[in-house]
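The values are calculated or read from the model by the stated rules, or taken from the named source; none is laboratory data. These figures come from a predicted structure and were not determined experimentally. Just so you know, the surface numbers come from the protein's heavy atoms only, side chains and all, with ligands and any DNA or RNA stripped out. Shrake-Rupley method; radii C 1.70, N 1.55, O 1.52, S 1.80 Å.
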Amino acid sequence: MNQRTLLLPFATAIALAACGKTDSGEAAVDSVLAVVPPAPPSTPHVVGFDLGRQVEAGGGIVGGSTDLFTVGDTIVVAIRTQHTRAGDEVAVRMRKGDKTVDSLSAPLPATDSTGMAAITLHFGPAKPWATGSYRIETFLGGNSQGIKEITIK
């Protein structure tokens, strides 16, 4: 008999033993979990932000988001984040061309049970903006999270 002929029954026995049923469904689940590494922690980020003139009690924008404002309007920025920690800093910059004309920042509140947090920041009417096009940019931990164009008439 050659070496191949001797190994074939041995390999067959090992394969059949590996395919055998377990007494417990838990053992199968445990072995799968032991092989799969845990998911990496999710990266904190801004999920989205809306712009408007007033904020409602739940943190949303009254009447929906807009990109058109008039001189003297309060510009409310309602920001939603995910996977952040209480105290992480969120910031908003208002830019006209390459120049930052105003900026705001605040610490985030604790997240809810789904890992979401919400905060509103207000560019108040005390600084009447000149008419024209502006960009509102959000930051989380110093990293840009998105830009929206607005017009002030």
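Structural remarks
- Translational diffusion of the stretch 34-153, µm² s⁻¹ [Kirkwood Rh, Cα pairs; Stokes-Einstein; 37 °C; 0.692 mPa s]: 216
- Rolling a 1.4 Å probe over the protein heavy atoms leaves Thr74 with an accessible area of roughly 40 Å².
- Each residue of the stretch 118-123 is assigned a 3J(HN,Hα), and the resulting list reads 9, 8, 10, 10, 10, 8 Hz, derived from the Karplus form 6.51 cos²θ - 1.76 cosθ + 1.60 (θ = phi - 60°), x at Gly and Pro.
- Put the Cα centre of the stretch 101-128 next to the Cα centre of the stretch 37-100 and the gap is 6 Å.
- Accessible surface for Asp67 stands near 90 Å², nearest 10, in the context of the full protein assembly shown (1.4 Å probe).
- Extended-chain gain in nm, criterion 0.36 nm per residue less alpha-carbon gap, Ser133 and Asp98: 11.4 nm
- Dimensionless Rg/Rh of the stretch 67-128 - Kirkwood Rh, Rg from C-alpha atoms: 1.05
- From phi via Karplus (6.51, -1.76, 1.60), per-residue ³J(HN,Hα) for the stretch 43-52 in Hz, x at Gly/Pro: 7, x, 7, 7, 6, x, 8, 10, 10, x
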